[in-house]
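**Student:** Below is the structure I would like to discuss, written out as C-alpha cells.
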Amino acid sequence: PLPFADASFDAALLFAVLTSDPDPVAQESAVAELARLVRPGGVVYVSDVPLQTDERSRARYRAQEASTGTYGVFRIEDGGTFQHQPLERFHELFGRHGFAVAEERRDVTPTLDGHTDLRVQLIVRRRTA
C-alpha cells in the first residue's frame, strides 16, 4: 500500500508495469491499489506489451513454458523475468477493480534487443458507481 488517502489522485500512469511482474497476485494487488488511489471518474494510462504472435516470440514462450510454468512468461539473459499476456487479461484485470476501458490503441515499438513488439496503450476510467 502507498501512503496516500483513498481517491487521492485524478490520474496514474503504468508503463510496462504488468509485463515486469509476472506474479498474478502482485498484478491484482497493484491494480487494486490503483482502484483505491484513483478517484471515481479518474483515469489510468497503461502502456504495456501483450502476448506477441510473431514466430520469434512464440518460440521463446514455448521454449520457456516448462521452466516458468506459464506460456508467455520468459527470462532474459540479465536475469529479468517478464510476462506477455493476452490483451483480454488487461481488460479483465482492470474491470475486476472498477475500471472501464475508455480508449485502446495498438502500435509497434522497438525493443532493447533490436526487435519490435506490439504495444498496447489503454486509457481506463474509474467507474463512478
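The values are calculated or read from the model by the stated rules, or taken from the named source; none is laboratory data. From a predicted model like this one, the values you see are computed outputs, not experimental measurements. Because the Cβ atoms are built from the backbone with ideal geometry, glycine has one as well, and the counts that use them run over all protein chains shown. Only protein heavy atoms, including side chains, enter the accessible area calculation; ligands, DNA and RNA are left aside. Shrake-Rupley method; radii C 1.70, N 1.55, O 1.52, S 1.80 Å.
**Student:** Given the criterion modelled with pLDDT under 95 and either surrounded by 11 or more Cβ atoms within 10 Å (Cβ to Cβ) or in a strand (DSSP E or B) (or both), identify the matching residue among Thr128, Thr70.
**Tutor:** Only one candidate qualifies: Thr70.
**Student:** Return the residues of region 87-115 that are open to solvent by 60 Å² or more (accessible area, probe 1.4 Å) and part of a loop (DSSP other than H, G, I, E, B); say none if nothing qualifies.
**Tutor:** Leu112, Asp113, Gly114, His115
**Student:** Look at Glu77 and say whether it is part of a loop (DSSP other than H, G, I, E, B) and over 18 Å from Ala11 (Cα atoms).
**Tutor:** Answer is yes for this residue.
**Student:** While we're here: Pairs please, first residue from region 1-28 and touching a residue at least 60 places away in the same chain (Cβ under 8 Å), second anywhere and part of a helix (DSSP H, G or I) and among the charged types (D, E, K, R), Cβ atoms under 8 Å, 6+ apart in sequence or on different chains.
**Tutor:** Sorted first by the residue in region 1-28, then by its partner, the pairs are Glu28/Arg96.
**Student:** I've got another one for you. Give the residues of region 29-53 that are part of a helix (DSSP H, G or I), free of Cβ contacts under 8 Å to residues at least 40 places away in the same chain and of a type in the set (A, V, I, L, M), sorted by residue number.
**Tutor:** Ala30, Leu37, listed by residue number.
**Student:** Scan (1) open to solvent by 10 Å² or more (accessible area, probe 1.4 Å); (2) out of contact with any Pro (no Cβ under 8 Å at 6 or more places or on another chain); (3) over 23 Å from Arg105 (Cβ atoms) for the single condition Ala11 breaks and write down its number.
**Tutor:** Result: Ala11 fails condition (3) only.
**Student:** Can we say Pro22 is over 18 Å from Ala102 (Cβ atoms), surrounded by fewer than 17 Cβ atoms within 10 Å (Cβ to Cβ) and not hydrophobic (A, V, I, L, M, F, W, C)?
**Tutor:** No, not satisfied.
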